[in-house]
Amino acid sequence: MKSLLSIVLGIVVVIVLWAIGVFNGLIKLKNRTDEAWSDIDVQLKRRHDLIPNLIETVKGYAAHEKQTFESVTNARTKAISAQGIGEKAKAEDMLSNTLKTLFAVAEAYPDLKANVNFLELQRELSDTENKVQASRRFYNGNVRDLNIRIETFPSRIIAGMLGFKKREFFEIENAAEKEVPQVKF
């Protein structure tokens, strides 16, 4: 009787230790995913903060490009106020497209392309875009790992009991990236 009780107790201990390990692994992945999203958020804020300075610099050279400036400003406002990963990705994609139009406008002004402020802002924005892309890859890798853990057996049992949910990937559609921006004067 004692040996049967010892075996049952041993099995219960193993199951509890396994559940604790799965739970801790899920928490670790969740926290990494949250940290990765925070990195994206920081880079997007940096990007949003650079855009007004860029617009003001271009305005000095191309004052008659009002529609382009308004498009960039509206896209920036939508990107800042976007909620949720899908909505934020869509808004950021729209912002990227309007920025391409702004840079296409800048190409028509040789003095602007030589302006130190413009060149520095362009470099900063390019650097920020690279950081957003790296942060997005890091986030999506963590989301992938978390989603795999949540979906696979046997950790799926613990994840389901404790309310862990799959996360959405942060994907920006770059279909418009292949199109050449139209600049009209």
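Worth pointing out:
- The residues of the range 126-172 that are of a type in the set (A, V, I, L, M) and within 15 Å of the chain's Cα centre (by Cα), listed by number, are V132, A134, V143, I172.
- Residue within the range 44-61 that is among the polar types (S, T, N, Q), part of a helix (DSSP H, G or I), in contact (Cβ under 8 Å) with a residue 12 or more places away in the chain and within 14 Å of F170 (Cα to Cα) present: no
- Between D93, D145, D127, the distinction of being closer than 30 Å to W18 by Cβ, in a helix (DSSP H, G or I) and among the acidic types (D, E) belongs to D145 only.
- Restricting L44, L29, L99 to residues that are aliphatic (A, V, I, L, M), over 13 Å from the mean Cα position of the chain (by Cα), surrounded by 14 or more Cβ atoms within 10 Å (Cβ to Cβ) and modelled with pLDDT of 90 or more narrows the list to L29.
- Selection status of G86, of a type in the set (G, A, S), at pLDDT 90 or above and either assigned to a helix (DSSP H, G or I) or buried (at least 18 other Cβ atoms within 10 Å of the Cβ) (or both): no
- Subset of the range 51-77 [of a type outside the set (G, A, S) and surrounded by fewer than 18 Cβ atoms within 10 Å (Cβ to Cβ)]: P52, N53, E56, K59, Y61, H64, K66, Q67, E70, T73, N74, T77
The values are calculated or read from the model by the stated rules, or taken from the named source; none is laboratory data. Because the structure is a prediction, the values reported are computed rather than measured. Quick reminder, even Gly has a Cβ in these numbers, built from the backbone with ideal geometry, and neighbours come from all protein chains shown.
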